[in-house]
Amino acid sequence: MPDLMQTTVTTIDGQDVSLSDYAGKVLLVVNVASKCGLTPQYEALEQLYRRDRDRGLVVLGFPCNQFREQEPGSDAEIAAFCSTTYGVSFPMFSRIEVNGPGRHPLYRDLLSQAPQPIESEGGGMRARLAKHGIAVDTADVMWNFEKFLVGRDGRVLARFAPDITVDDPVLAGAIEQALAA
């Protein structure tokens, strides 16, 4: 099993768990934020999880406050927001860093296996960030709601830019293919 499945993460209610608990599942790992223009993606992520969890898909949400401080709340506040606003039932984890010297080992492993994100036509998200003077190094997570698709074998299959939603044919097709494997 690849190293990333041996990673320990902390649930949003403070319990340490190993990603090996999800062995044999297809994972969609997403860094999330409550006060971002992309926050409504929670709704589609929850619908996807409810639709495909019995087929072996698990959405894993990792709050992160590194992008213009768009996830400032405590874990309890984040959990309450996700539950009451979007009915989130997929596993949520304690806030982490996805970039820089404090990067969580999970994201170190994800990025090493998928160094380049699949981007929307014309580099949509990267171009939008550039218009706001935000330069993005592809070695880093671009913004909130970047997605990593992990196959049943624990290997990263693909990385998707934040503006690629779960209903985008590229991501939807990749998820479907991973579930069928």
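Just so it is clear, none of the values below were taken in a lab; they were calculated from the coordinates. This one's a predicted model, so the numbers in the text were calculated from it and none came from an experiment. Cβ placement follows ideal geometry from the backbone for every residue including glycine, while neighbour counts extend to all protein chains displayed.
Quick look at the numbers
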| item | result |
| --- | --- |
| Loop-resident sites, the stretch 1-102, for GluC sites (Glu not before Pro), counting at most 12 other Cβ within 10 Å (DSSP) | E69 |
| Pair-distance profile P(r), taking every C-alpha pair of the stretch 26-107, with 10 angstrom steps and integer % | 18, 52, 27, 3 |
| Point-to-point label distance, R108-E69, nm (Cα→Cβ direction, 7 Å offset) | 2.8 nm |
| Fraction of antiparallel bridges per DSSP, the chain only, in percent to nearest 5 | 55 percent |
| Given charges at Cβ of Lys, Arg, Asp, Glu: the chain dipole, positive-most of G37, G124, V88 | G124 |
| Structure-based [θ]222 nm, the chain - -39500 (n - 2.57) summed over DSSP H runs of at least 4, per residue, nearest 500 | -9000 deg cm²/dmol |
| For the chain, alpha-carbon Rg over 2.2 N^0.38 Å | 0.95 |
| Size of the stretch 78-181 as Cα extents on the principal axes (Å, biggest first) | 35, 34, 27 |
| Centre separation in Å (Cα based) which lies between the stretch 1-71 and the stretch 84-122 | 8 Å |
| Label-point separation, R51 to H132 (7 Å along Cα→Cβ), nm | 2.8 nm |
| Environment charge of T11, counting only residues whose C-beta is closer than 15 Å and scoring Lys/Arg +1, Asp/Glu -1 | -3 |
